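Comments concern the structure below.
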4 protein chains.
Amino acid sequence: MHFASDNGSGVPGQILDALARASDGHAPGYGAEPAMERVRDRLRELFEAPGAEVFLVATGTAANALAIASHCPPWGAVYCHPQAHVEEDECGAPEFYTGGAKLVLVDGPHTKMTPGALAQAITATGRAGVHNVQRGAVTLTNATEAGSVHSPAEVAALAGVARAHGLPVHMDGARFANALVAAGCSPAELTWKAGVDVLSFGGTKNGLLGVEAVILFDPARAWEFELRRKRGGHLFSKHRYLAAQMLAFLEQGRWLELARAANAAAARLAAGIAAVPGASLVHPVEANMVFASFPRAAHRRLQAAGAKYYFWPADPAPEGPDDEALTCRLVCSWCTRDDEVAGFLRHLAG
Amino acid sequence: MHFASDNGSGVPGQILDALARASDGHAPGYGAEPAMERVRDRLRELFEAPGAEVFLVATGTAANALAIASHCPPWGAVYCHPQAHVEEDECGAPEFYTGGAKLVLVDGPHTKMTPGALAQAITATGRAGVHNVQRGAVTLTNATEAGSVHSPAEVAALAGVARAHGLPVHMDGARFANALVAAGCSPAELTWKAGVDVLSFGGTKNGLLGVEAVILFDPARAWEFELRRKRGGHLFSKHRYLAAQMLAFLEQGRWLELARAANAAAARLAAGIAAVPGASLVHPVEANMVFASFPRAAHRRLQAAGAKYYFWPADPAPEGPDDEALTCRLVCSWCTRDDEVAGFLRHLAG
Amino acid sequence: MHFASDNGSGVPGQILDALARASDGHAPGYGAEPAMERVRDRLRELFEAPGAEVFLVATGTAANALAIASHCPPWGAVYCHPQAHVEEDECGAPEFYTGGAKLVLVDGPHTKMTPGALAQAITATGRAGVHNVQRGAVTLTNATEAGSVHSPAEVAALAGVARAHGLPVHMDGARFANALVAAGCSPAELTWKAGVDVLSFGGTKNGLLGVEAVILFDPARAWEFELRRKRGGHLFSKHRYLAAQMLAFLEQGRWLELARAANAAAARLAAGIAAVPGASLVHPVEANMVFASFPRAAHRRLQAAGAKYYFWPADPAPEGPDDEALTCRLVCSWCTRDDEVAGFLRHLAG
Amino acid sequence: MHFASDNGSGVPGQILDALARASDGHAPGYGAEPAMERVRDRLRELFEAPGAEVFLVATGTAANALAIASHCPPWGAVYCHPQAHVEEDECGAPEFYTGGAKLVLVDGPHTKMTPGALAQAITATGRAGVHNVQRGAVTLTNATEAGSVHSPAEVAALAGVARAHGLPVHMDGARFANALVAAGCSPAELTWKAGVDVLSFGGTKNGLLGVEAVILFDPARAWEFELRRKRGGHLFSKHRYLAAQMLAFLEQGRWLELARAANAAAARLAAGIAAVPGASLVHPVEANMVFASFPRAAHRRLQAAGAKYYFWPADPAPEGPDDEALTCRLVCSWCTRDDEVAGFLRHLAG
């Protein structure tokens, strides 16, 4: 019953096989290996974006921070949701990489900024001219940290606000595949066709050892991105091992298949929870994460049975009444098994 | 005949096997997995440094920049050789991570600073007080970019100068294993016993996919290092794949065996080159790299035969007299084959 | 009728005289002139802080940013009110000088953080360990941007929260003299006795050409401060002109006299406004600023009569109903004249 | 006998008078005061550069660091002489303001880079592509730290190298007026007509309390400069006092007159020294500084007589033989008196 994080899962055998195949013989490094060419071609094709530039890094924080820094000056405001990963979980990486930009928090339900709140925040920025930080960039997350998904129309609404003010749009897609299979649209529709300029295209949470692609739909800042990546220590010498992972991931729709499995497990889990008296869902379950609230007594049962998950947003006091409702986050992954879901629901029901 | 870089090599099968084993089941991330505990223990034991702190990152540039930034303030001088990797090959990563420290270049033969030149540079720093950058940290490379090796006594001489001025010492050990088997001493003797405070312990060039350990012999700055690593985007969620590589690397002396193979190949290559009339060695060959000079005609023969290597420090003009001597860098790795060496020497001899 | 800003005022003749006297002959620069020794002694005496270190800079933004950067690491959270000058009016200077720290906004009425909200914000910081920015420093403003004043007890309450978590406390005292004469206590009581570690002691808004002192009650970070000041380009070569201004300011209680004049003018203005039907005060008037709300028709009359002031927080739409209430900020200074106040009140009453 | 620094001098009475006049009444701040408009117009006229943008700051380090940061990315190389103020005397301010650019040292006699050495340094930069810092900007000093002057032709030769590689050119003109009167050309000829893009136009060393203008001949980066200035804490609220100084400085050729006086004093001093047996000039004396070498015994006599100056580059050992030649720097200023020069020469001759 492993629901702590999709990062806690391993990787499919095909990914390991691809690493072994990639390891054969000598290869140029630093992204000059032939496999990287294929990654680039494949992602351009998948995203219907022949002019896009593609770079690989090994962590989501690197992908986000480098993408944002390449699109926002040090004196820029970066608009994001208060619960966004860039704000909450990166120890200030965007501030570090941008040289001190300011994250401006824009609220909205289920960890999605509302277009109205975004417009208001942008309009309020820079009113006093040189005395203020300036309008910089917008970053949204899909799927969100709450397990909700921005539809193409929702992305377009936020990106439309950004573009009306001339601002670039970044999407943190650490769980992009989960969002995509939920939205049921094409990669292009969920990104550049909806106004996204640069995407952190996640692999790690969806079955890779540690690879994220950054896709610049407008290649104008590609060289700057490359320099920032190198300077940040994120250019791999044996880059072929990143490329090999990503290639195997994209092959024959594997990345979508993995995400579908994770989303389906979450859907089953959510449906089961909703059917338990006294338990309820905190956010709509649209991707691979379930936020649920149920009594402390049930949590005790689950943890005694070995279920792994986090309370959210933070651990409750160790002691408390049995009937107090406590919220937790349950993350499914490509390898969540039916029996884990069934077991969880059984212990929950008590 | 692959002599372009040790980064161009793949990884031994045992490393891949270790990845596959590590992939089984769920594991905590971010370095909290049990394998990281074993890595820490193993390195503490190998280095006879029970109090040392150990962190893993995926690139040598990250290891160096994070180590230096944790030991030098933004207004510090970082003393290094003009051909050091931190000065020449990291696109300013040390400047970025430190927040703008200044690399002060200290010369010496075969890419080793001399203690006298180091003392002079340190003494000259900060003479005008607040108007100057201040004395920060010393960084040396072992094995060096020229393929030479600092003996324990040479490390101690440089570190002694640093310590006499109260400065911490970093060693860039991207090729530490190659240096160690050449020096024929213990890991402790080549590092903390000789005055090194923090070591970038390289794995990538010596057979891993992409892992370097940073070993802080004095753990006082460990928490700062951790924060800088996270903030730099270098903390891996599926950290177990780094730990697994490093464990397999350290197992049964494998890391030393790999380095010995590379050094031995370089020694054979160097001996063969030295015996060819008209060819000569530019630096002493002490680790796994050979810098050799020989006529353009021989280079033409070698390249026509498919030999891969770099001219050094830069490509010569495409055309030129046959008898012009041109210098090249030849790097051997754990998987350099005897027939590659023999083939190279045969084509060189003509 | 000049109520736009205390920065719009000139300087008293005695300050100019002091500059002229200071200009005589040669003097060492960079703070080594004898006058700086006297400034240091005088401020130590005034603040009953014989061990304090004192530095001069020319702008409030420099004072704040350097003070904060000397007390907060790049990965630190800086707790401040959402309307604080450091958040709203410095174009990200604190982020720049700290190397990317994060300003965490803590609300409260009249631009004062509440101790409860501060405690909550601090407690919420760093819960996820290395993934989060860490607790850094607290900065409060006295007098505030809303013209309110923190009493010694209020400062102590906020500083007590900070100290309970081991955090240093900075006070932005661009209008410290205004706060002090309002609080009716000693400089020490309003600062270090209440838990303040470092103070931006403003001169510019209170009658100087451009000088602020930074007073480090704990001198441990004095050398770091000096280096940051130099590196930021804020160390004056002809430093004697800063020292001379500050000396003349402190002489015979002149700084308090100037602040008293400004506060008194604001009090008269506030009393007058409160007596006008349809007009009201938005914040308590405790220092030299009045935030008032009254109908657009009255604003039209005042502006036609040449009154200078800002709408707050932003200019209203140019057209609108006569009876719509609009808020403005009215700042008095050391040289606000009785007839300006009287004139304003006459036009307001209509 | 004050020859320690031109920063040790006071300011002419007319400058103080201008401050007093400027102090009358209220004025908009932050550069919006009418006097700044006149400064801009006057400098555009003097430099025959109607499109130039002009900003004032209070220190030379601020002027240089902001100018360079506005013209060089964080990953850029800044080419300068090893004895340049930006390299030696600013505690890393250029590195801080650029976000970690690298100063690349280009040698040449009398603190002037040679065009050949500059071309070589630029050509050597970035050879390994993304692994290296990139070509950024060139900065030269006029008059130099050695008291030599770049003629328009010399500026054009260096700027020509820069422009051939597409690089912007900054001139540190802390002593620009001294260079200009020495060169005997027009301001335009010594700057933009010779290829300079941005000038730090010094006032402080030549008679102001603390004002430098930054002149951007190409205004494309003016807004970025303004934001960097504000963010660096260098935008003055009571900006009128900067503008007033600069206006009085430019009035009726006063700035040139002041510089001529300083240069003339240096010329007299140099001629006198050259005539003393055993004394010699180390650099050509072209502006207001004299570098001279003479026996320790003469230094003892001078210091006993109260002469103020610095040994260069550093203080000698306190004891030593009487006939050992020691080098010193002697700086004349707008207010160096004939009797100071005469006195110095008398004690030198012994």
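Computed from the coordinates by the stated procedures, all read-outs in this text should not be read as laboratory data. Only a predicted model underlies this, so the values are computations on that prediction, with no experimental measurement involved. Note that each Cβ is placed from the backbone with ideal geometry, even for glycine, and that neighbours are counted across all protein chains shown.
To one decimal in nm, how far is A:Gly320 from the same spot in the other copies, if labels go 7 Å from Cα toward Cβ? Please give the shortest first.
4.5, 7.4, 7.5
In whole Å, what are the extents of the protein assembly as shown along the principal axes defined by its C-alpha atoms, from largest to smallest?
Principal axes ranked by extent give 88, 84, 53 Å for the Cα atoms.
Report, to two decimal places, the Cα Rg of the stretch A:148-232 normalised by 2.2 N^0.38 Å (N = number of residues).
1.13
Quick one: pull the percentage of alpha-carbon pairs in the stretch A:57-122 with a separation above 15 Å.
Above the 15 Å cut-off, the stretch A:57-122 has 50 percent of its Cα pairs.
Hey, with R₀ at 45 Å, roughly what FRET efficiency would A:Ala325 and A:Thr123 work out to, going by the Cβ-Cβ distance, to 0.05?
So the FRET efficiency works out to roughly 0.70.
For the pair A:Asp24 and C:Asp17, how long in nm is the line joining their label points, each one 7 Å along Cα→Cβ?
9.3 nm
Counting Lys and Arg as +1 and Asp and Glu as -1, each charge on the Cβ, what is the dipole of the stretch A:273-350 about the Cα centre in debye, to the nearest 20?
Magnitude of the dipole: close to 140 debye.
Test of understanding: in a Gaussian network model of chain A with alpha carbons linked when under 10 Å, which of A:Ala275, A:Ala264, A:Ala128 would top the mean-square fluctuation ranking?
A:Ala128
Which of these, B:Val214, B:Val133, B:Val39, has the largest mean-square fluctuation under a Gaussian network model of chain B (Cα springs below 10 Å)?
In the Gaussian network model the winner is B:Val133.
Tell me, Kirkwood radius of the stretch B:103-213 from alpha-carbon pair distances, in Å? Present the calculation step by step, with values, prior to reporting the outcome.
Numbers: mean 1/r = 0.0694 Å⁻¹.
Kirkwood hydrodynamic radius for the stretch B:103-213: 14.4 Å.
Given bins 5 angstrom wide, list per bin the percent of all Cα-Cα distances in the stretch B:251-350, short to long.
3, 13, 24, 25, 17, 9, 5, 3, 1, 0, 0
Roughly what percent of Cα-Cα pairs across the stretch B:4-49 reach past 12 Å?
So the portion of pairs separated by more than 12 Å is 73 percent.
Using modelled backbone amide H atoms (1.01 Å from N, in-plane), which distant-in-sequence or interchain residues come within less than 5 Å of C:Thr59's amide H?
C:Glu212
For the stretch D:1-102, give the magnitude of the charge dipole about the Cα centre (Cβ charges: +1 Lys/Arg, -1 Asp/Glu; no others), in debye to the nearest 20.
In debye, rounded to 20, the stretch D:1-102 gives about 160.
Evaluate chain D: find the radius of gyration of its Cα atoms, find its Kirkwood radius, and give the ratio Rg to Rh.
So for chain D, dividing Rg by the Kirkwood Rh gives 0.99.
How many percent of DSSP beta bridges within the protein assembly as shown run antiparallel, rounded to 5?
Within the protein assembly as shown, antiparallel bridges account for around 55 percent of the total.
If you count the DSSP beta bridges with both ends in the stretch D:166-307, what percent of them are antiparallel, to the nearest 5?
Working: 7 of 11 bridges.
Counting only bridges with both partners in the stretch D:166-307, antiparallel ones make up about 65 percent.
For peptide A:95-106, what's the mean number of Cβ atoms from other chains within 10 Å of each residue's Cβ?
Working: counts 12, 13, 5, 4, 12, 14, 4, 8, 3, 0, 1, 0.
Shielding by partners across A:95-106 averages 6.
Taking the simple approach of a point 7 Å from Cα along Cα-to-Cβ for both B:Glu257 and C:Ala297, what is their distance in nm?
Here the modelled spin labels are 9.6 nm apart.
In a Debye calculation with equal point scatterers on the alpha-carbon sites of the stretch C:246-287 and no solvent, what is log10 I(q)/I(0) at q = 0.19 Å⁻¹?
-0.61
Counting other Cβ atoms within 10 Å, keep those with at most 15, restrict to DSSP loop, and tell me which GluC sites (Glu not before Pro) in the stretch C:20-113 are left. Don't skip to the answer; put the middle values down first.
On the way: sites: C:Glu37, C:Glu45, C:Glu48, C:Glu53, C:Glu87, C:Glu88, C:Glu90, C:Glu95; in loops: C:Glu48, C:Glu90.
Those that pass, being in a loop and sparsely packed, are C:Glu48.
Across the residues of D:219-225, average count of Cβ atoms on other protein chains within 10 Å?
Per residue, the average neighbour count from other chains is 1.
Quick one: compute a quarter of the convex hull surface over the Cα atoms of the stretch B:1-109 and quote it in nm².
Working: hull surface 41.4 nm².
Averaging across all directions leaves 10.4 nm² for the Cα convex hull.
One decimal, nm, shortest first: give the distances between the label point of D:Asp338 and those of the same position in the other copies, each label point 7 Å from Cα along Cα→Cβ.
5.7, 9.3, 10.9
Which number do you get for Rg(Cα) / (2.2 N^0.38 Å) in the stretch A:185-286?
Here the Cα radius of gyration is 1.41 times the empirical estimate.
Could you identify which residue out of A:Asn178, A:Asn263, A:Asn132 has the top mean-square fluctuation in a GNM of chain A using Cα springs shorter than 10 Å?
Of A:Asn178, A:Asn263, A:Asn132, the most mobile in the Gaussian network model is A:Asn132.
Got a sec? Charge dipole of the stretch C:222-296, +1 on Cβ for Lys and Arg, -1 for Asp and Glu; which of C:Phe294, C:Ile273, C:His234 is way out at the positive end?
The residue sitting farthest along the positive end of the dipole is C:His234.
Report, for the stretch B:84-215, the % of DSSP beta bridges that are antiparallel, rounded to 5.
35 percent
If the label for D:Gln120 sits 7 angstrom from Cα along the Cα-to-Cβ line, what are its distances to the same label in every other copy, in nm to one decimal, shortest first?
For D:Gln120, the inter-copy label distances come out at 1.9, 6.4, 6.6 nm.
Rounded to the nearest 20 Debye, what is the dipole magnitude of chain D about its Cα centre when Lys and Arg each give +1 and Asp and Glu each give -1 at the C-beta?
320 debye
Could you give me the ³J(HN,Hα) list for the stretch B:91-98, computed from phi with Karplus coefficients 6.51, -1.76, 1.60 and θ = phi - 60°, whole Hz, x at Gly and Pro?
For the stretch B:91-98, the Karplus curve yields 6, x, 4, x, 5, 5, 6, 7 Hz.
Using every alpha carbon pair in the stretch B:216-270, what percent of pairs falls into each 10 Å bin from 0 up to the bin containing the largest distance?
20, 27, 31, 19, 4
Scan around D:Tyr310 for amide H atoms under 5 Å from its own, H built in the peptide plane at 1.01 Å from N, and keep only partners 5 or more places away or cross-chain.
Sorted by chain and number, the residues that satisfy this are D:Arg329.
Please give the average number of partner chain Cβ atoms lying within 10 Å of the Cβ of each residue in A:65-71, rounded to a whole number.
For this peptide, the per-residue mean of nearby foreign Cβ atoms is 1.
Convert each backbone phi in the stretch A:48-57 into a coupling constant with the Karplus relation 6.51 cos²θ - 1.76 cosθ + 1.60 (shift: θ = phi - 60°), then list the ³J(HN,Hα) values in order as whole Hz, x for Gly and Pro.
Result, rounded to whole Hz: 6, 9, x, x, 5, 10, 10, 10, 10, 9.
Quick one: check the C-alpha center-to-center distance for the stretch A:38-66 versus the stretch A:258-331, whole angstrom.
Between the Cα centres of the stretch A:38-66 and the stretch A:258-331 lies a distance of 34 Å.
Search the structure for amide H atoms under 5 Å from the amide H of B:Arg135, placed 1.01 Å from N in the peptide plane, and list their residues when 5 or more places away or on another chain.
Hits under the 5 Å cutoff: B:Ala77.
Along each of its three principal axes, how wide is the spread of alpha-carbon positions in the stretch A:124-168, in whole angstrom units, largest first?
38, 21, 14
Consider a paramagnetic label point 7 Å from the Cα of A:Ser280 along Cα→Cβ; state which residues of the stretch A:315-329 have an amide N under 20 Å from it.
Flagged as within label range: A:316, A:321-329.
Do the alpha carbons of any pairs in D:Lys102/D:Lys238; B:Lys205/B:Lys230; D:Lys112/D:Lys230 sit beyond 26 Å of each other, and which pairs? Could you put the intermediate results ahead of the total?
Numbers: D:Lys102/D:Lys238 35 Å; B:Lys205/B:Lys230 24 Å; D:Lys112/D:Lys230 32 Å.
Cα-Cα > 26 Å for D:Lys102/D:Lys238; D:Lys112/D:Lys230; rest within.
Spelling out what I want: for every residue of the stretch D:303-317, take phi, set θ = phi - 60°, compute 6.51 cos²θ - 1.76 cosθ + 1.60 (Karplus), and round to whole Hz; glycine and proline get x.
Each residue's phi maps through the Karplus curve to give 6, 4, 7, x, 5, 10, 6, 9, 5, 9, x, 7, 4, x, 4 Hz.
Please compute the contact order of chain A in relative form: average sequence separation of alpha-carbon pairs under 8 Å and at least six residues apart, divided by the residue count, as a percent.
It rounds to 23 percent for chain A.
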